[in-house]
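The values are calculated or read from the model by the stated rules, or taken from the named source; none is laboratory data. Everything numeric in this text was worked out from a predicted model, so none of it was measured. Quick reminder, even Gly has a Cβ in these numbers, built from the backbone with ideal geometry, and neighbours come from all protein chains shown.
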Amino acid sequence: MAIFVASCSDDELKPVKHRIDTHIHLYDTTREVEYTWPPKDDKVLNKPHLPAEFSKEAKAAGVTGVVIVEASNHLSDNDWVLDLVADEADFYIGLVGNVDVHLEEFEGHIARLKQDKRFVGVRARRPGGVDFTDETVLKNLRSLAKHDLALDYLTNGGGIPGIETIDAVARAIPNLRIVVNHCLGYNFDGNPPPADWIAAVEKLAENENVSCKISGLYQRSVPQPAPQDLAHYRAVLDVLWEKFGQERLVYGSNWPCTKHTGSYQSFLDLVDQFFAKRGQEAREYYYWRNAAKVYRLPLE
């Protein structure tokens, strides 16, 4: 466990060298493709969300680079997204793809996709959940590590069992870089987290190959619309900071899901307020250094 103390006051903080958003979704619901997400009855999300809109909003907020997380259930949409942002490859610098980790042909798919250097990993997700005890899945995760690609993992509100699941994977494959999405799937209710959850987080954080995205706070809030004040989230964020330290927390907005409660800027302001208290170095790690390390991004 590592605890870091801020070395400068808020008014001494400078702009970070890069601000990399490692968690957004791009898709076009007008395409003749059947999707499992977003929900068809979601009036906010069930419409096209494309680069023109996001680029304008993110750049206005000071974002300098983006890692897209593919939310489609179609293998071919990995290529579709890479093609979609090909003209802005200096801004959209990474894709965490969707390749079913249960597939026997998994390694062949990632070997082909990684020919594009923007393909940086795979998000393990499928309807009904991923069986991380399955031998084919474990073989495929070892292949992911062999190809120097990262694994994104969505606990999806799995609580302590979800944390324990990925802890077992991290210990079984210690050379696999794992990024757990959305604050380990914690449901923010404004109260301090329970002791058994904190203990599970501490055990998970013992694995140096595991990082945590400080992302999706609005979506994981129990009261909706989600509060936009830091006090509602601080107790959980304090635990994640204490257990993972400044070198394993990663910034991600979860746009366009941020639209349900506030704006892109309001979410950025919230997490910036939290990290401002931890000093300039912590902000540099959170906003880009950790992303560059875990996703092998070409940043200096």
Filtering the range 251-290 down to residues that are β-branched (Val, Ile, Thr) and closer than 15 Å to Arg19 by Cα yields Val271
Looking at Ser72, Ser55, which is the one that is out of contact with any Leu (no Cβ under 7 Å at 6 or more places or on another chain) and at pLDDT below 95?
Ser72
(1) within 20 Å of Leu204 (Cα to Cα); (2) more than 15 Å from the chain's Cα centre (by Cα); (3) of a type in the set (Gly, Ala, Ser): which one isn't true of Gly262, the others all being true?
(1)
Yes/no for Ile198 being closer than 21 Å to Glu70 by Cβ and not basic (Lys, Arg)
no
Taking only pairs six or more apart or across chains, which ones have beta-carbon atoms under 8 Å, a first residue in the range 28-40 that is over 13 Å from Pro256 (Cα atoms) and in contact (Cβ under 8 Å) with a residue 12 or more places away in the chain, and a second residue that is basic (Lys, Arg) and surrounded by 10 or more Cβ atoms within 10 Å (Cβ to Cβ)?
Thr29/Lys47
For the range 43-125, which fully contained helices (runs of 4 or more DSSP H) count at least 2 residues that are closer than 15 Å to His25 by Cα and of a type in the set (Asp, Glu)?
51-60, 77-84
Here the residues within the range 122-147 that are exposed (fewer than 15 other Cβ atoms within 10 Å of the Cβ), more than 21 Å from the chain's Cα centre (by Cα) and not polar (S, T, N, Q) are Asp134, Glu135, Lys139, Lys146
Hey, does the range 231-241 have a residue that's in contact (Cβ under 8 Å) with a residue 40 or more places away in the chain and small (Gly, Ala, Ser)?
yes
Search the range 59-75 for residues that are acidic (Asp, Glu) and pair each with any residue that is part of a strand (DSSP E or B) and crowded, with 18+ Cβ neighbours inside 10 Å when their beta-carbon atoms are under 6 Å apart and the residues are at least 6 apart or on different chains.
Glu70/Gly97
Please count how many residues of the range 12-52 are among the β-branched types (Val, Ile, Thr) and in contact with a Leu (Cβ under 8 Å, 6 or more places away or on another chain).
1
Return a yes/no flag: does the range 163-172 have any residue that is under 20 Å from Ile198 (Cβ atoms) and hydroxyl-bearing (Ser, Thr, Tyr).
yes
Determine whether the range 14-34 contains at least one residue that is over 30 Å from Ala200 (Cβ atoms), loosely packed, with under 12 Cβ neighbours inside 10 Å, modelled with pLDDT under 95 and touching a helix residue (DSSP H, G or I) at 6+ places or on another chain (Cβ under 8 Å).
yes
